[in-house]
Ligand code: MTE
Ligand code: LUZ
Ligand code: MOS
């Protein structure tokens, strides 16, 4: 292998991590050459599948006539629950998630049968022709209805600390109210897809767009009544996952595999956008009832919240989502006496699932809403009330669930942002503007973020990797994480290149494959680079150690003195090009590949008491947003946003800034324009981009200043970096509260605008009317 033009650097100057590098597939992305699951060349004889969906929210199935489906052009076969060779279940934790409806349907969009045909279009046309008779049952659609009916998919969660009752009695002021925060569709650009190819002797290869290949492997094996070793799942990349492909790729993988097993032919199941939105779960909407006591300075003395999530018809990941919501209700604030409840309301809607933040955003926004109200009630700037309640460093530093915070930088980070965004000067300018502007009103808000990093299910915090050094000196890495655009492969390549002293172009990463690294966790909880980076580092270090031993044996000196940098191995005063040493090592029969493993240390969690040390560390951030609202139409615009995010010692600042920007805009969409709306019969009416509005480029602020906070992880994370995938989704709380601030100016900041999320134009007008009526 040729290593052209690499400058000779000293060991100290050489690094492959901590530097801005383009995404490993950036060029392929823009050239249209990056292969997604649907781009894999189809095997001869491939059939195409479509799902037949329930048209009722809650009903017994009286009869299903599939003859009209079979009679459609191109149809090869139709499969129902009776055709599933193994278990009819694709639930990730609790087994309440049928692949195909069995006698009862529980939401509009629930799959009842699989039709396979000679083309995608023929399969879709045929799927609509079934004649299904239902006996309707009463549906429960909203979290409020679920709460009233005590309809839950899991026992409610309860976290208590201190003595709320006594603290309320001491509190001079109390704020009490309700809030509704809507859900969100993941809207990955590449929809759900699986392509199942039968192999010899019960083998099944499933190419699948998934964040969780190992779980797809297990679900497919169960559905087929086979062992895990029969099933291989592979994913080179996703066109976005955002949590929507953590558990809910399973239905598609299992359906394609069932059809492939039954027909004996390769089967591709690609959801079109409407079906994808009708069938799969979304971010949970939350309904909150809160009561918070505080003193004259705005310090919170007692906080009580009861959250009800819309779980949908089955448990899916709602338990861990609710747990994360409970563990993020504190956000950046010390709450001495708390009583936090969360109930996963069972409703006749899609089974809600992971979405970037995983309940964290829903937990934290409630306390931010309350703090916003306290500030208005006291006539103070909300930033001052926030600061008043921040976690301390030596005291007031234990979370309600018992973890002591040892890495708190929220004070410094917020102070830096307050300065750099000129928060105080702009606050004054906005007050002046609003006094002379009767229709257009501006608003400003600064909101902080603290986000716990680790799966809150402890055993999931593990990862594996393989590093192969080939005889020509080129390196191939395989790890258990999946690439969904977030740049995990780029970061893992950097980590391996760093260990072996190579430039990035000598390292390549292959598709995630259950036959390479076994028993992997989902790429989720923002831990992908943390876990797989460490596992790959472990593997690379083992190879490096063998090479160092060999080099010292060959050239003298201590193995511990051998250095790897500048694409060469430096031993006893000599520099040997990496490929040359590798070649010699191979001939000397040195093992040039290795596995690696990592398990995050120090984690514990007791679900019964809801206490322990669930997070490895916390990531911090803050953002300032300035908006202008048209009080006659409810239209608004984000004029400027400043975000400061703590990525520790960033592995790749370019990728991390991209993650912060993307999460900010995605979170802004959740809180403003993206509205999920079900009709009275429980049919999701916003199931396409025509009716569901995600942010476009014109919604991004012209003035968008994203920076990384200078920091270093106090935990021994991979190169002292911090996770970046999810936490910045909470930064656009500042947009929501800036809108609320603008609305509040209509009443001279005397009345708390009752603003639910998403703050659509209609919701903004409703809140303005309420403020005017109360002023
Ligand atoms: N970025 C892109 N471009 N696409 C995605 O689907 N998913 C987010 C985040 N950033 C996502 C993304 C979610 S939900 C998670 S949990 C993390 O990436 C997962 O990747 P990581 O752990 O490697 O950061
Ligand atoms: N916990 C968590 C989880 O914090 N984030 C996740 O994505 C997750 N997924 C499954 C189970 N627990
Ligand atoms: Mo992300 S919601 O943890 O996949």
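Calculate for the chain the 222 nm mean residue ellipticity that helices alone would give, adding -39,500 (n - 2.57) per DSSP H run of length 4 or more and normalising by residue count, nearest 500 deg cm²/dmol.
Working: 19 runs with 222 residues, N = 775.
Helix contribution divided over all residues of the chain: -9000 deg cm²/dmol.
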message = Along the Cα→Cβ direction, 7 angstrom out, place labels at residue 702 and residue 422. What is the inter-label distance in nm?
response = 1.6
query = So if R0 is 25 Å, what FRET efficiency would residue 380 and residue 637 give, r being the distance between their Cβ atoms, rounded to the nearest 0.05?
reply = 0.40
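Once you order the gyration tensor axes a ≥ b ≥ c over the Cα atoms, which shape class does the range 382-514 get: rounded for a/c under 1.5, otherwise prolate or oblate by comparing a/b with b/c? Don't skip to the end; give the middle numbers.
Details: a/c = 3.11, a/b = 2.00, b/c = 1.55.
Taking the square roots of the gyration eigenvalues as a ≥ b ≥ c, the range 382-514 is prolate.
Shape call for the chain from the C-alpha gyration tensor, a ≥ b ≥ c root eigenvalues: rounded (a/c under 1.5), prolate (a/b greater than b/c) or oblate?
In terms of gyration-tensor shape, oblate.
For the pair residue 173 and residue 476, what calculated FRET efficiency results from E = 1/(1 + (r/R0)^6), where r is the Cβ-Cβ distance and R0 = 51 Å, to the nearest 0.05?
Working: r = 63 Å, r/R0 = 1.23.
After rounding, the FRET efficiency stands at 0.25.
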ask   = Residues in the range 546-575 near a label at residue 13, defined as backbone nitrogen under 14 Å from the 7 Å Cα→Cβ point?
value = 565-567
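Can you tell me, using C-alpha contacts under 8 Å and at least 6 residues apart, the relative contact order of the range 314-392 as a whole percent?
Working: 80 pairs, mean separation 33.5, N = 79.
It rounds to 42 percent for the range 314-392.
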note = Taking 207-216, 276-285 and ranking on average Cβ neighbours within 10 Å, highest first, one gets 207-216, 276-285
message = For the range 382-518, what does the relative contact order come out to in percent, with C-alpha contacts under 8 Å and a separation of six or more?
response = 16
ask   = Separation between the residue 138 and residue 588 pseudo-spin-labels, each 7 Å from Cα along Cα→Cβ, expressed in nm?
value = 7.9
ask   = In whole angstrom, how far apart do the alpha carbon centroids of the range 277-340 and the range 711-746 sit?
value = 17
key: For the range 325-457, the fraction of alpha-carbon pairs in successive 5 Å shells from zero, as %   = 2, 8, 16, 18, 18, 13, 10, 8, 5, 2, 0
task = Only Cα pairs under 8 Å and at least 6 apart count here; give the relative contact order of the range 454-565 as a rounded whole percent.
result = 33
key: Approximate spin-label separation residue 70-residue 42, in nm, with each point projected 7 Å along Cα-to-Cβ   = 2.4
query = So, by mean Cβ neighbours within 10 angstrom, what's the order for 243-255, 508-520 with the highest one leading?
reply = 243-255, 508-520
message = Within the range 105-121, list the residues whose amide N lies under 11 Å from a label point set 7 Å along Cα→Cβ of residue 83.
response = 113-117
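FYI, it's all coordinate maths here, none of it is from the lab. Note that the coordinates shown come from a computational prediction; the quantities given were computed from them, not determined experimentally. Positions of Cβ are backbone-derived with ideal geometry, glycine not excepted, and every protein chain shown enters the neighbour counts.
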